[in-house]
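One structure is given here, and the rest of the page talks about it.
The values are calculated or read from the model by the stated rules, or taken from the named source; none is laboratory data. A quick note: this is a predicted structure, and the numbers were derived from the prediction, not measured. With ideal geometry, Cβ positions are generated from the backbone for all residues, glycine too; neighbour counts draw on all protein chains shown.
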Amino acid sequence: MFQDEARFGRINDVRRCWAPKPIRPLCQAMLTHEYTYAYAAVEAKSGELDSLILPYVNTDCMQLFLDEVGARHPSDKIVMVLDGAGWHSSRLLNPPQNMKLLPLPPYAPELNPVEHVWDELREKYFHNRVFDSFDALEDQLEVALRLFENNVPMIKSIVTFEWIVSALLN
């Protein structure tokens with residue numbers, strides 16, 4: 001499985017959008033700095049996605065996430081591939097019995113297919129959106145992650161890199 005975290009907040013990213021002539025689209029901007037974090041792990045060959053929404057990126061939240069993934073897959077042996085964030089290599093981090101952590105090379109986010117999940121999520125569910133409250137933001141994130149977890153073929157189409165499949169078959 002490949003793992004990553006992403007920050008979602010009430011500061012939006014205004015992007016271009018389409019509107020018929022002569023209508024000029026109106027996109028609101030928001031500058032409230034409140035954030036939450038989505039943690040996700042994906043099995044690249046099958047497209048199975050596990051996710052959690054947590055308040056911080058730190059060792060304690062990472063431990064909660066790893067424990068949750070381990071509990072969701074109790075009979076599997078998991079090799080969790082993750083980037084070099086400090087909380088991923090903390091000595092306080094204790095992966096579940098059925099999990100081994102494997103770091104990616106430094107400065108290589110393009111090797112992590114979960115990065116593409118974040119791109120898709122932001123494009124489909126957060127593009128030009130303004131949230132009235134922090135709860136509304138978290139509700140939208142929860143809806144989007146549930147839809148992604150339940151749409152295995154779509155996730156598989158995003159994360160199945162040829163080099164990953166080749167490495168698993170050899």
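Condition check ((1) farther than 19 Å from F8 by Cα; (2) more than 18 Å from the chain's Cα centre (by Cα)) across all residues:
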position: E43; (1), (2): yes, no
position: G47; (1), (2): yes, no
position: D50; (1), (2): no, no
position: Y56; (1), (2): no, no
position: R72; (1), (2): yes, no
position: V81; (1), (2): yes, no
position: G84; (1), (2): yes, no
position: S90; (1), (2): yes, yes
position: L104; (1), (2): yes, no
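I'm checking my understanding of the structure. Among residues of the stretch 48-82 that are without any contact (Cβ under 8 Å) to a residue 40 or more places away in the chain and part of a strand (DSSP E or B), which one is nearest to V159 (Cα to Cα)? Selected residue: L52. Does the stretch 100-110 contain at least one residue that is touching a Ser or Thr at 6+ places or on another chain (Cβ under 9 Å) and more than 18 Å from V143 (Cα to Cα)? Looking for residues that are touching a Ser or Thr at 6+ places or on another chain (Cβ under 9 Å) and more than 18 Å from V143 (Cα to Cα), one finds at least one in the stretch 100-110, hence yes.
Confirm whether D67 is of a type in the set (D, E, K, R), modelled with pLDDT of 95 or more and under 15 Å from D4 (Cβ atoms).
Numbers: of a type in the set (D, E, K, R): yes; modelled with pLDDT of 95 or more: yes; under 15 Å from D4 (Cβ atoms): no.
It is false that D67 is of a type in the set (D, E, K, R), modelled with pLDDT of 95 or more and under 15 Å from D4 (Cβ atoms).
Counting only residues that are modelled with pLDDT under 85 and outside any strand (DSSP E or B), which one in the stretch 21-47 is nearest to D60 (Cα to Cα)? Reasoning before the result, please.
Step one: of the stretch 21-47, the residues modelled with pLDDT under 85 are 23-34.
Cutting the leftovers down to outside any strand (DSSP E or B) gives us 23-30.
On the way: I23: 49, R24: 46, P25: 43, L26: 41, C27: 37, Q28: 35, A29: 33, M30: 30 Å.
The selected residue is M30.
Within the stretch 86-111, how many residues turn out to be assigned to a helix (DSSP H, G or I) and buried (at least 16 other Cβ atoms within 10 Å of the Cβ)?
Start the filter on the stretch 86-111 by keeping residues that are assigned to a helix (DSSP H, G or I), which leaves 86-88, 109-111.
Those left that are additionally buried (at least 16 other Cβ atoms within 10 Å of the Cβ): 87-88.
So the count comes out to 2.
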